[in-house]
Amino acid sequence: MKKLILLLVFITISICYTAQIHVLPKLGYEYAAYEPFIDSHTMKIHHLKHHQGYINKLNKALKGTKKEKEPLSSILMNISLYNTTVRNNAGGHYNHSLFWRILKPKPNKQPSEDLMRGIGKSFESINKLKEEMNLEAAKRFGSGWVWLILQSNGELKVTSTANQDNPLMDLIKDRGIPIIAIDVWEHAYYLKYQNKRNDYLGAIWNLIDWGVVSDNYIKAFSSPIFQELKTHNWPELNVFRNDLSHIYYSAEIENYAPLKTMTKELMLKSIYLKNSEIPKDLRSDEYGYHVILNKIEKQCIELHDLVLENSSNKTLLKKLNTMHETFHQVQGVCKHYDEHYHEFKNK
Ligand SMILES: [Fe+2]
């Protein structure tokens, strides 16, 4: 009995020790099922070695940090706060997870009516969309990805990013929610197509499932990320967010200097924010931004008063956390990211 208990304790400790936050999604098909468009060997290496490699490095880079359990989408939307290792590997994990989800050996070839309307508006036809994506892919120098994204104005756009960057990242100029992802790294095609990237691009469309793509499109409109991207066209909000992020993330690593020296500036920026013009898409009463912005201003003044009174770090942090929570009502992020992220897990 004693041995059994010890064994159970050992197994429990082993599981806890080896538990990984980010895990490799299953493909749902044999590697050979993607033939003849992608060969079995490429699929296997790409999935088991390359994608798994990004996941391992991401888990390692975040291990033991306060961001270890941060949802993947949240990391990407705030990637400017992370180092290059996290940028490359969080991007690598997200990008490949989306890529696998839209590829199917026997794909649905009919986009939904909603998606057809969206494509018609931005590209005239599916063929034109494919042409534009292939052209963008051919132009991408070196390694990278080509995307169909839903922009914050509700329109579709074709874009491309280098390395493992993607359009969710706050450092990227053309931002939006990815609907289609095409991997144009050589590891995605070199074994079968060698340097003939255009042949690979011609073939990949035979695997893209328009049912999944249509689903991505419709879900993107109700995603909290869509809401947050709209706020990026609000300059006063961006200025306030930058200062708040700096204060908040410094305090997280126990650097309280910004918290004690920048609250006056933050307070002034909260006043500019309250008096700023709310972007057209966000003016509806249902968002209640006027009420939230007043609350942020009040809490910034209170935080600054606490600093002037030489309050303890604990008291300052409590107020900062309250204000940070209020700010997230503007952003519509964090908690809701989980929902978006879990769509990618184990699929
Ligand atoms: Fe790849």
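The values are calculated or read from the model by the stated rules, or taken from the named source; none is laboratory data. From a predicted model like this one, the values you see are computed outputs, not experimental measurements. Positions of Cβ are backbone-derived with ideal geometry, glycine not excepted, and every protein chain shown enters the neighbour counts. Please note that ligands, DNA and RNA were not included when accessible areas were found on the heavy atoms of the full protein model with its side chains. Shrake-Rupley method; radii C 1.70, N 1.55, O 1.52, S 1.80 Å.
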Just one of (1) open to solvent by 50 Å² or more (accessible area, probe 1.4 Å); (2) closer than 26 Å to GLY144 by Cβ; (3) part of a helix (DSSP H, G or I); (4) out of contact with any His (no Cβ under 9 Å at 6 or more places or on another chain) trips up LYS260, so point out which. (2)
Just to be sure, is GLY202 modelled with pLDDT under 95 and at positive phi? no
Against the condition part of a helix (DSSP H, G or I), among the polar types (S, T, N, Q) and open to solvent by 30 Å² or more (accessible area, probe 1.4 Å), how does ASN294 come out, does it pass? yes
Of all the residues that make up the range 120-142, how many are of a type in the set (A, V, I, L, M, F, W, C) and crowded, with 19+ Cβ neighbours inside 10 Å? 4
The one condition in (1) at positive phi; (2) modelled with pLDDT of 95 or more that GLY64 fails to fulfil: (2)
Among the residues of the range 28-43, how many are open to solvent by less than 20 Å² (accessible area, probe 1.4 Å) and either more than 16 Å from the ligand (Cβ to nearest atom) or not in a helix (DSSP H, G or I) (or both)? 1
Test: ALA138 is small (Gly, Ala, Ser), part of a helix (DSSP H, G or I) and modelled with pLDDT under 95: yes
Check whether at least one residue in the range 116-131 is touching a helix residue (DSSP H, G or I) at 6+ places or on another chain (Cβ under 8 Å), within 16 Å of the ligand (Cβ to nearest atom) and modelled with pLDDT of 95 or more, and report yes or no. no
Find the residue count for the range 88-115, including only residues that are more than 16 Å from the ligand (Cβ to nearest atom) and within 30 Å of ASP39 (Cβ to Cβ). 9
Sort out which residues of the range 46-60 are within 10 Å of the ligand (Cβ to nearest atom) and touching a His at 6+ places or on another chain (Cβ under 7 Å), and write them in order of number. HIS46, HIS50, HIS51, TYR54
Helices (runs of 4 or more DSSP H) contained in the range 44-112 and holding at least 1 residues in contact with a Cys (Cβ under 8 Å, 6 or more places away or on another chain) and either closer than 17 Å to ILE253 by Cβ or open to solvent by less than 10 Å² (accessible area, probe 1.4 Å) (or both): 72-77
